[in-house]
Amino acid sequence: MKIRFYRWYNALLGAILAFLGYSCSDGPDEYGTPVEYGVPTARYEMKGTVTDEHGAALQGIKVTLKVETDRNPYEPVDSTQTDSQGRYLMKVNQGVLQFKGVKLIVEDVDGEKNGGEFQSDTVNVSAITPKKISEGNGHWDKGDYEINANVKLKKK
């Protein structure tokens with residue numbers, strides 16, 4: 001008798017939970033917005049060149065993307081180094097660049113190897129309008145964006 005009760009109870013509970021789960025994502029809310037689970041996201045391509053004051057490309061310069069969070073004033077997201085033409089490229093596959101405080105930190109980490117020591121510089125990425133490359137799916141996927149940030153470093 002007890003086992004039969006638990007089987008009916010589990011079947012009824014499973015049906016109720018399934019109904020509630022499907023009804024949450026079934027249609028639009030009272031404002032006409034589709035109800036979906038997830039987090040808005042976009043893919044960003046950060047790129048640019050790092051040169052000296054005279055326009056010569058600087059190789060081996062560290063470029064770090066940092067985001068302001070509640071836990072940490074600027075938490076690193078990604079970093080790379082410039083190539084022989086002074087170019088850098090970072091692909092961020094999150095909606096992280098939608099935050100208000102996004103900085104690009106550019107610093108000379110190799111000393112004299114690239115023709116001298118250069119002062120660090122900071123670029124406010126939040127102030128740069130990203131160029132939309134492709135559309136998303138119209139829901140949580142906001143698409144692909146490109147942000148160009150060219151930096152000229154001064155010698156120390």
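Go over the candidates 138, 101, 111, 116 one by one and state the one that is at positive phi and in contact with a strand residue (DSSP E or B) (Cβ under 7 Å, 6 or more places away or on another chain).
Just one listed residue meets the conditions, 116.
For the range 34-64, give me the residue count where each residue is modelled with pLDDT under 90, aliphatic (A, V, I, L, M) and part of a strand (DSSP E or B).
Looking only at that region, the number is 1.
I'd like the full set of residues that are surrounded by fewer than 15 Cβ atoms within 10 Å (Cβ to Cβ), aliphatic (A, V, I, L, M) and in a strand (DSSP E or B), limited to the range 97-156.
133
The values are calculated or read from the model by the stated rules, or taken from the named source; none is laboratory data. Remember, predicted model here, so these are calculated numbers, not experimental data. Cβ: placed from backbone, ideal geometry, glycine included. Neighbour counts: every protein chain shown.
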